[in-house]
Amino acid sequence: MAEERTNGYKSGSNLEKILRAGHFAVTAELGPPQSADPEVIRHKARLLRGVVDAVNITDNQTAIVRMSSIASAVLAMQEGIEPIVQMTCRDRNRLAIQADLLGASALGVRNLLCLTGDHQSFGNHPTAKNVHDLDSIQLIRMVKEMRDEGRFQCGDEIKGVVPRFLIGAAINPFADPFEFRPYRLAKKVAAGVDFIQTQIVLDMDRFREFMKRVVDMGLHEKVYILAGIGPLKSAGAARYMRDKVPGMLVADEYVERMQAAVKGIPKEDKKARREAWRQEGIRIAIEQIQEIKEIEGVAGVHIMAIEWEEAVKPIVEGAGLLPRPEV
Amino acid sequence: MIVGEQKPLEEIMALLGDARKVLVAGCGTCVTVCFAGGEKEVGILASALRMKSKLEGHPMEVDEVTVQRQCEWEYIDPLKPRLKDYDAVLSLACGIGVQAMNERFPDVLTLPGLNTTFLGLPMEQGVWEERCQACGDCILGLTFGICPIARCSKQLLNGPCGGSQNGVCEVDPDIPCAWQLIWERAIAFGQVERLLEIQPPKNWSKSRDGGPRKIVREDLRLTHTE
């Protein structure tokens, strides 16, 4: 029955059709505002429309309160964007998550990204209680069972329409213990994940090594892997990511390139330096995508241009990935 | 053991408010071992209260007592005849002791002088670390003797999050990543495959989420209710 309704697709989303057709997929990210202003979503959505196949809508990203990902996703859909709703285990227990998923599916959301969530100590409510009733792997399994078996987490039958999502998850090939990372991906695959977006790749050697293990384990045949691309905004940002962000590896090569990009531009000319950095950041991202396309087992890229949605179009265009295929 | 930490003096003074005659009551068990609420700490805090209240122009009369265990009736019952003399009792026991005092002696208010912090382990002189959350459903047998409920900042059951680097947690470089430790133990025992099984959602009803817990052992009870 379910198969008939969706013509054999799990969710029937554009992203699923792109991936199934074997196209190199492109997704991006849209951060909801720290306000109730729908215009912010609409503006960002217009920058991404027609440029990517689907767009992640973040869920209280970095533990800072923002407009809800599901509400933002609906606003984005009104602007012609296909959303990937992010759902973290930090803020909701299994009751709240399932209720929100029924609502999201009813509103037409067809892609979901299951995340553990950044710890609340990083955000603007560090004294909050976190939930973590489920972890991301348990969340994946719960969503799959809701979709494929028509059951709530408790085992009760969903009487009527089941929520229908292409199930995504994140994986960080750069965190420790490195040896465990491919196994953690294998667990997500076993739990029922359909696609993966990786942490920002800024260490190609490590990423290649990770993908080789993934291919050796045959995981690339069971899940679509989208490599994370995060265009660098400045030399300072590159250094910060290299030295201060837990779970991130940044090759010195990129830091040096960003530093060299402003050579000869006086420090006082902030505008010119900013422009030079951003151009170099976009150039690096394009080169990375071209390299990543050649790596076995990679099905696409996920571009995380955080608060820099304008960068997505030149990157996708520069990488020769426009126009996006119609499926 | 239960590990506690003394509240700041200002907070204790504010809690005591207008009380002029105070009994500072220590406990000779866990909080003595962690240097927070034993006989010695009772003496130091009582002196501090006397001095501060005097400096502020409202001298307080402060007496001291330390019982072996404030969480057992038989050890606190002997305090009963003295308590009517006091405006308040300041307990330096853990939260269990404070509540035992209030429950047993409802006519006098017992206030907390400590923050009960965690169930933990003295790592070295002056350093304590959390080890148990009393979740009611021990999984140490699955995680090679290292508890991710108490020691992983996100209480993950299926491996480390993306914030583990160089063996430490993203929340604080002073926190070892519990899953790094579990992984190393799994390798040491040659049983990595045990970590590859998906652990289902935890039954939190056995933890505090199921409401306050109680254990009744009929085989041990002296009086039985039908």
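The values are calculated or read from the model by the stated rules, or taken from the named source; none is laboratory data. Just so we're clear, the structure is a prediction, and the values are computed from it rather than from any experiment. Every residue, glycine as well, gets a Cβ built from its backbone with ideal geometry; the counts of neighbours run over all protein chains shown. Protein only, heavy atoms only, side chains kept; ligands, DNA and RNA dropped before computing areas. Shrake-Rupley method; radii C 1.70, N 1.55, O 1.52, S 1.80 Å.
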Exercise. Confirm whether A:Y254 is more than 19 Å from A:V55 (Cα to Cα) and open to solvent by less than 30 Å² (accessible area, probe 1.4 Å).
Key: yes
Quiz item: Taking into account only those residues within region A:195-208 that are open to solvent by 10 Å² or more (accessible area, probe 1.4 Å) and farther than 11 Å from A:E296 by Cα, which is nearest to the other protein chains (Cβ to nearest Cβ)?
Solution: A:Q199
Quiz item: For B:A36, are the conditions met, namely being part of a loop (DSSP other than H, G, I, E, B) and either closer than 21 Å to B:V108 by Cβ or modelled with pLDDT of 95 or more (or both)?
Solution: yes
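Yes/no matrix, rows are residues, columns are (1) surrounded by fewer than 22 Cβ atoms within 10 Å (Cβ to Cβ); (2) within 14 Å of chain B (Cβ to nearest Cβ):
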| position | (1), (2) |
| --- | --- |
| A:D53 | no, no |
| A:I64 | yes, no |
| A:I84 | no, no |
| A:R92 | yes, yes |
| A:A99 | yes, no |
Quiz item: Within region B:160-174, can you find the residues that are more than 7 Å from chain A (Cβ to nearest Cβ) and open to solvent by 50 Å² or more (accessible area, probe 1.4 Å)?
Solution: B:D172, B:P173, B:D174
Practice problem: Could you please find all residues in region B:203-226 being in a loop (DSSP other than H, G, I, E, B), under 24 Å from the mean Cα position of the chain (by Cα) and either of a type in the set (S, T, N, Q) or within 26 Å of A:F178 (Cα to Cα) (or both)? | Solution: B:N203, B:S207
Practice problem: State whether one or more residues within region B:212-221 are modelled with pLDDT of 95 or more and facing chain A (nearest Cβ under 8 Å). | Solution: no
Practice problem: Take the residues in region A:156-186 that are more than 24 Å from A:G247 (Cβ to Cβ) and open to solvent by less than 30 Å² (accessible area, probe 1.4 Å), then tell me which one is farthest from the other protein chains (Cβ to nearest Cβ). | Solution: A:R164
Quiz item: Could we say that B:E184 is more than 13 Å from every other protein chain (Cβ to nearest Cβ), open to solvent by 50 Å² or more (accessible area, probe 1.4 Å) and either at negative phi or not in a loop (DSSP other than H, G, I, E, B) (or both) here?
Solution: no
Quiz prompt | region A:210-235 - residue that is assigned to a helix (DSSP H, G or I) and touching a Phe, Trp or Tyr at 6+ places or on another chain (Cβ under 9 Å) and, of those, farthest from A:D194 (Cα to Cα) | solution = A:A235
Exercise. Go through region A:110-162 residue by residue and tally those that are touching a helix residue (DSSP H, G or I) at 6+ places or on another chain (Cβ under 9 Å) and assigned to a helix (DSSP H, G or I).
Key: 15
Quiz item: Is it fair to say B:E197 is open to solvent by 20 Å² or more (accessible area, probe 1.4 Å), within 11 Å of chain A (Cβ to nearest Cβ) and assigned to a helix (DSSP H, G or I)?
Solution: no
Quiz item: Do you know which of the residues in region A:182-209 that are hydrophobic (A, V, I, L, M, F, W, C) and part of a loop (DSSP other than H, G, I, E, B) is nearest to A:W308 (Cα to Cα)?
Solution: A:V201
Exercise. Go through the residues of region B:134-145 one by one and say whether even a single one is buried (at least 16 other Cβ atoms within 10 Å of the Cβ), within 14 Å of chain A (Cβ to nearest Cβ) and not hydroxyl-bearing (S, T, Y).
Key: yes
Self-check item: Hits in region B:200-226 (condition: open to solvent by 90 Å² or more (accessible area, probe 1.4 Å) and either closer than 26 Å to A:I97 by Cα or touching a Gly at 6+ places or on another chain (Cβ under 7 Å) (or both))
Solution: B:K206, B:R208, B:D209, B:P212, B:R213
Exercise. From (1) outside any helix (DSSP H, G or I); (2) modelled with pLDDT of 95 or more, pick out the condition that doesn't hold for B:V98.
Key: (1)
Practice problem: Inspect all residues belonging to region A:287-295 and state whether any of them is among the hydrophobic types (A, V, I, L, M, F, W, C), surrounded by fewer than 22 Cβ atoms within 10 Å (Cβ to Cβ) and assigned to a loop (DSSP other than H, G, I, E, B). | Solution: yes
Quiz item: Taking B:V108 and the conditions (1) open to solvent by 20 Å² or more (accessible area, probe 1.4 Å); (2) without any contact (Cβ under 8 Å) to a residue 40 or more places away in the chain, which numbered condition does it fall short on, given that it satisfies the others?
Solution: (1)
Quiz prompt | Residue check for B:Q155: at pLDDT below 95 and facing another protein chain (nearest Cβ under 9 Å) | solution = no
Exercise. Residue by residue through region A:38-97, note down the ones that are among the aliphatic types (A, V, I, L, M), in contact (Cβ under 8 Å) with a residue 40 or more places away in the chain, over 27 Å from A:E326 (Cα atoms) and assigned to a loop (DSSP other than H, G, I, E, B).
Key: A:I64, A:V65
